[in-house]
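Notes follow the structure.
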Amino acid sequence: AQLRYSVPEDREPGTSVGDLAKDLGVEVRSLASRNLRLVSESGQRHFQVDMAAGMLLLDSRLDREALCGQSPTCSLHLQLVMENPLQLHRVEVDVLDVNDNAPQFPKPEVVLEITEVANPGTRLPLEVAEDPDMGSNSISTYELSPSQHFALSINVRGDGVKMPEIVLEKALDREKVAVHHLTLTALDGGNPVKSGTAKVTIHVLDANDNPPVCDPPISKVYLEENVPVGTLVAKLNVTDLDEGPNGDMEYSFKISNNSPGKFTKLFSLHPRTGEIRTKDPLDYEESSAYEIAVRVRDKGSPAMEGHCHLRVELIDINDNSPEIVLTSLSSPVLEDAAPGTVIALIGVKDGDSGDNGQVRLQIAKELPFKLVSSFKEHFSLVTNGPLDREKASGYNITVRAVDSGSPQRATQKTFYLQIADVNDNAPNFSSPFDTAHVQENALPGTSVFSVSASDPDEGSNAKLTYSILHNGMQDVPISTYFRIDQDNGTIYTVRALDYEQDKVFQVPVEVKDAGSPALSSTAVVHVFVLDENDNAPTIVYPSVPKGSAFHQTIPALAEPGYLVTKIVAVDADSGHNAWLSYQLQETAEALPFQVERRSGEIRVAQALRESEDPHRLVVEVRDNGTPSLSTSVVLVISPEENSVQDFSKSLDIPKSSPMDTNLTLYLIISLVSISLVSCVMFAVVVARC
């Protein structure tokens with residue numbers, strides 16, 4: 001069973017709370033025999049049982065506020081145990097509140113501040129007074145001492161607590177009254193009414209007419225892009241001439257539609273110190289600068305704010321290498337390309353900026369090319385001198401890009417440029433003059449000489465064709481004597497040559513390539529005809545018909561050494577083939593005459609006998625050729641008495657005929673020509689060396 005009682009909190013110990021025996025329906029005298037015991041669930045002894053009267057009594061004075069605080073209900077729970085038989089009863093005692101506590105403010109004196117420019121209607125919240133009592137004994141209302149500037153307003157919160165506020169009813173003038181002294185009274189609803197007071201001192205403050213000021217309002221800082229997270233970027237220099245809360249500032253980022261708050265992900269702002277620090281890695285290539293707007297708000301009433309603008313410009317670190325982009329390449333390029341011909345278009349990129357992004361392109365100085373800046377970050381590779389495919393058929397061009405950072409970063413790119421041939425080289429003979437020899441009477445088609453020419457060009461520009469030119473020096477076209485193989489330059493005879501007719505030929509040879517236009521050059525081959533012993537000696541004196549003899553008389557008394565006559569002979573051949581020797585054919589008997597081997601003079605060799613018969617001499621004239629050729633003349637020498645003869649008159653030796661003079665002239669011309677050709681060839685060899 002459960003019993004319920006109530007007792008006011010201010011009752012003295014021994015006060016009766018309830019009649020247990022009656023309410024339990026037991027005899028009072030049986031309580032002792034049944035060993036009735038009272039157990040408190042809280043462990044504190046607030047009640048006792050009068051065993052003689054069967055009454056529940058207070059054991060100590062109760063304080064509801066101490067037991068239950070601000071709880072709207074306050075109950076104490078007991079357990080009543082009886083034996084024989086064992087029974088358990090629960091007893092609940094409600095402690096009733098009495099108005100034993102007066103309202104009390106947390107502070108006996110409240111100091112408030114209000115700016116002198118506060119508008120009427122401005123409210124100054126006050127602290128709520130405390131009253132431990134509950135219900136009607138709690139705070140009922142507040143009262144404010146009379147004032148011409150202030151009035152009291154009471155608002156009720158959702159939990160029923162009344163909130164006092166001082167309301168400005170009339171504008172303040174700090175210069176007239178700087179401090180207002182008021183009394184705030186809190187009244188409870190008890191009977192009798194209890195109250196508590198607090199002094200309210202209102203200081204009229206100078207108006208918060210000085211907002212926070214940034215110095216400078218717009219500032220700029222430079223920061224390297226690779227600084228570690230947490231690096232101090234800047235500490236804002238902000239001042240507020242006001243004091244107290246008006247000068248106590250709080251910092252925050254200002255974000256607007258025109259200024260997206262991307263920087264808030266990278267920077268942090270301390271609300272009290274105004275220190276701006278990095279909170280994420282910065283990358284110049286992502287953004288080179290950040291505009292940070294900061295709002296600085298004081299704690300004045302009304303609060304005033306200032307604005308700082310900080311521009312953070314990142315200093316680029318050379319962390320990107322240049323990149324070379326070959327936009328266009330004209331390959332092959334003709335070797336006769338004019339200086340300034342564009343070969344390639346090259347672009348360069350560098351993610352860095354400033355000096356770190358300033359890229360210089362370089363190529364080897366020995367190359368016949370140069371780089372020309374077309375416009376920013378674009379270059380043209382142009383020819384810077386003549387190209388010669390014969391010296392270089394192509395170029396490996398290495399372009400090196402170097403930035404101006406510190407340390408520098410560089411990259412390079414290599415590409416091959418082919419040089420195309422043009423017909424800019426004429427064929428060139430190994431020698432402009434050559435000498436060849438050919439035997440006279442050689443069969444037609446005999447190889448005389450092979451000229452050789454070269455052309456450093458390639459393809460059709462280097463395909464050579466040989467031909468013989470007509471130089472007009474011979475009466476008969478040179479092509480009637482010689483021909484040339486147009487492919488290999490071998491010169492052949494067309495017909496047999498006669499040394500006695502033509503001793504030397506100047507054969508002009510032209511070589512021409514197959515380019516367009518074709519280029520050519522010439523050389524002269526001096527072909528010397530080598531003499532063969534194909535002409536027998538011819539006796540000029542004495543001139544006798546073939547098969548006849550020459551008769552010559554001499555004095556019968558001619559002494560030895562007497563010049564009888566002189567055989568004069570010539571040979572159309574030359575050199576050794578024209579060297580003549582004279583001799584007498586052997587006879588059965590010795591002849592008193594002899595012939596001079598070289599001069600052909602016939603002299604008396606021994607004294608003649610009187611009345612000697614005529615002598616028949618056969619004089620043979622033989623050349624020095626191989627095989628040797630000869631001719632002979634028959635002389636009949638008759639000794640006569642009294643034959644005295646002036647040899648100079650009788651010996652009718654013919655003078656040199658025009659034919660002999662011409663022959664000598666030809667020999668002289670041949671020797672001079674050979675000497676000149678030799679000198680020219682020697683000079684050419686010296687010049688080439």
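Give the number of residues within the range 145-180 that are surrounded by 12 or more Cβ atoms within 10 Å (Cβ to Cβ) and part of a strand (DSSP E or B).
13
Looking at Leu367, Leu371, Leu387, can you tell me which residue is of a type outside the set (Ser, Thr, Tyr) and either in contact with a His (Cβ under 7 Å, 6 or more places away or on another chain) or in a strand (DSSP E or B) (or both)?
Among Leu367, Leu371, Leu387, only Leu371 is of a type outside the set (Ser, Thr, Tyr) and either in contact with a His (Cβ under 7 Å, 6 or more places away or on another chain) or in a strand (DSSP E or B) (or both).
Any chance you could count how many residues in the range 245-289 are farther than 26 Å from Ile315 by Cα and touching a residue at least 40 places away in the same chain (Cβ under 8 Å)?
Of the residues in that region, 7 qualify.
Here's a check for you: in the range 1-44, which residue that is under 14 Å from Glu92 (Cα atoms) and charged (D, E, K, R) is modelled with the highest pLDDT?
Arg4
What pairs come up if the first residue lies in the range 147-172 and is touching a residue at least 60 places away in the same chain (Cβ under 8 Å) and outside the structural domain of Ala118 (by the TED database), the second is open to solvent by less than 60 Å² (accessible area, probe 1.4 Å) and not in a loop (DSSP other than H, G, I, E, B), and their beta carbons are under 7 Å apart, counting only those six or more places apart or on different chains?
So the pair list comes out empty.
Kindly establish whether Val564 is surrounded by 19 or more Cβ atoms within 10 Å (Cβ to Cβ) and under 30 Å from Asp434 (Cβ atoms).
So Val564 does not fit the description; no.
Within 29 Å of Asp188 (Cα to Cα), outside the structural domain of Asp131 (by the TED database) and hydroxyl-bearing (Ser, Thr, Tyr) - does that describe any residue in the range 34-48?
Within the range 34-48 (the criterion being within 29 Å of Asp188 (Cα to Cα), outside the structural domain of Asp131 (by the TED database) and hydroxyl-bearing (Ser, Thr, Tyr)), the answer is no, since none of the residues qualifies.
Among the residues of the range 567-584 satisfying the criterion of being part of a strand (DSSP E or B) and under 15 Å from Glu620 (Cβ atoms), which is farthest from the chain's Cα centre (by Cα)? Spell out the reasoning first.
Here is the first cut: in the range 567-584, the residues part of a strand (DSSP E or B) are 568-570, 581-584.
Now restrict to residues that are under 15 Å from Glu620 (Cβ atoms): 568-569, 581-584.
Numbers: Val568: 97, Ala569: 94, Ser581: 93, Tyr582: 97, Gln583: 99, Leu584: 103 Å.
Checking each candidate, the answer is Leu584.
How about the range 375-393: which of its residues are surrounded by 14 or more Cβ atoms within 10 Å (Cβ to Cβ) and of a type in the set (Gly, Ala, Ser)?
Ser380, Ser393
So which residues in the range 405-431 are open to solvent by less than 50 Å² (accessible area, probe 1.4 Å), part of a loop (DSSP other than H, G, I, E, B) and among the hydroxyl-bearing types (Ser, Thr, Tyr)?
Of everything in the range 405-431, just one residue is open to solvent by less than 50 Å² (accessible area, probe 1.4 Å), part of a loop (DSSP other than H, G, I, E, B) and among the hydroxyl-bearing types (Ser, Thr, Tyr), namely Ser431.
Please verify whether Asn488 is polar (S, T, N, Q), in contact with a helix residue (DSSP H, G or I) (Cβ under 8 Å, 6 or more places away or on another chain), on the phi < 0 side of the Ramachandran plot and open to solvent by 30 Å² or more (accessible area, probe 1.4 Å), treating the condition exactly as stated.
No: the conditions fail for Asn488.
So, in the range 503-521, exactly how many residues are β-branched (Val, Ile, Thr) and farther than 13 Å from Thr465 by Cβ? Show your work before the answer.
Initial filter on the range 503-521 (β-branched (Val, Ile, Thr)): 504, 507, 509, 511.
Then keep just the ones that are farther than 13 Å from Thr465 by Cβ; that gives 504, 507.
Residues meeting the conditions: 2.
Can you pull out the residues in the range 35-52 that are within 20 Å of Thr15 (Cβ to Cβ), in contact with a strand residue (DSSP E or B) (Cβ under 8 Å, 6 or more places away or on another chain) and open to solvent by 50 Å² or more (accessible area, probe 1.4 Å)?
Ser42, Gln48, Asp50
Kindly list, by first and then second residue, each pair from a residue in the range 48-60 that is assigned to a loop (DSSP other than H, G, I, E, B) to a residue that is among the small types (Gly, Ala, Ser) and buried (at least 16 other Cβ atoms within 10 Å of the Cβ), limited to pairs with Cβ atoms under 7 Å and residues at least 6 apart or on different chains.
Cβ pairs passing all conditions: Gly54/Ala21.
From the list Val504, Val525, exactly one residue is over 60 Å from the mean Cα position of the chain (by Cα) and closer than 22 Å to Leu443 by Cα. Which is it?
Criteria check complete, one pass: Val504.
Looking at the range 312-341, which of the residues that are over 19 Å from the mean Cα position of the chain (by Cα) and in a strand (DSSP E or B) is surrounded by the most Cβ atoms within 10 Å (Cβ to Cβ)? Give the steps one after another, and end with the answer.
To start, the set of residues in the range 312-341 that are over 19 Å from the mean Cα position of the chain (by Cα) comprises 312-315, 330-341.
Narrowing the set further to residues that are in a strand (DSSP E or B) leaves 312-315, 333-334.
On the way: Val312: 23, Glu313: 13, Leu314: 21, Ile315: 15, Val333: 21, Leu334: 15.
So, considering only residues that are over 19 Å from the mean Cα position of the chain (by Cα) and in a strand (DSSP E or B), the one surrounded by the most Cβ atoms within 10 Å (Cβ to Cβ) is Val312.
Looking at this structure, is Thr73 of a type in the set (Ser, Thr, Tyr), over 23 Å from Glu143 (Cα atoms) and open to solvent by 70 Å² or more (accessible area, probe 1.4 Å)?
Yes; evaluated as a whole, the condition is true for this residue.
This table checks each residue for (1) closer than 17 Å to Ile397 by Cβ; (2) in contact (Cβ under 8 Å) with a residue 60 or more places away in the chain.
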site	(1), (2)
Asn320	no, yes
Leu326	yes, yes
Ser331	yes, yes
Asp336	no, yes
Thr341	yes, no
Leu345	yes, no
Lys349	no, no
Asp352	no, yes
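Report, by residue number, each residue of the range 125-141 that is surrounded by fewer than 19 Cβ atoms within 10 Å (Cβ to Cβ) and not in a loop (DSSP other than H, G, I, E, B).
Once the filter is applied, which keeps residues that are surrounded by fewer than 19 Cβ atoms within 10 Å (Cβ to Cβ) and not in a loop (DSSP other than H, G, I, E, B), the range 125-141 yields Pro125, Glu130, Gly135, Ser136, Ser140, Thr141.
Is the range 488-495 home to any residue that is at pLDDT below 90, among the small types (Gly, Ala, Ser) and in contact with a strand residue (DSSP E or B) (Cβ under 8 Å, 6 or more places away or on another chain)?
no
Among the residues of the range 504-519, write down those that are open to solvent by less than 30 Å² (accessible area, probe 1.4 Å) and among the charged types (D, E, K, R).
Result: Asp513, single match.
Is there a residue being open to solvent by less than 20 Å² (accessible area, probe 1.4 Å), in contact with a helix residue (DSSP H, G or I) (Cβ under 9 Å, 6 or more places away or on another chain), assigned to a strand (DSSP E or B) and under 27 Å from Pro407 (Cα atoms) anywhere in the range 298-307? I'd like the intermediate steps shown before the answer.
Of the range 298-307, the ones open to solvent by less than 20 Å² (accessible area, probe 1.4 Å) are 298, 300, 306.
Still in the list and also in contact with a helix residue (DSSP H, G or I) (Cβ under 9 Å, 6 or more places away or on another chain): 298, 300.
The next check asks that each one be assigned to a strand (DSSP E or B); those that pass are 298.
Okay, now just the ones that are also under 27 Å from Pro407 (Cα atoms), so none.
There is no residue in the range 298-307 that is open to solvent by less than 20 Å² (accessible area, probe 1.4 Å), in contact with a helix residue (DSSP H, G or I) (Cβ under 9 Å, 6 or more places away or on another chain), assigned to a strand (DSSP E or B) and under 27 Å from Pro407 (Cα atoms).
The values are calculated or read from the model by the stated rules, or taken from the named source; none is laboratory data. As the structure is a prediction and not an experimental result, all values here were calculated from the model. For neighbour counting, all protein chains shown are included, and Cβ atoms are generated from backbone atoms with ideal geometry for every residue, glycine included. Remember, those area values only see protein heavy atoms, side chains included, never the ligands or the DNA or RNA. Shrake-Rupley method; radii C 1.70, N 1.55, O 1.52, S 1.80 Å.
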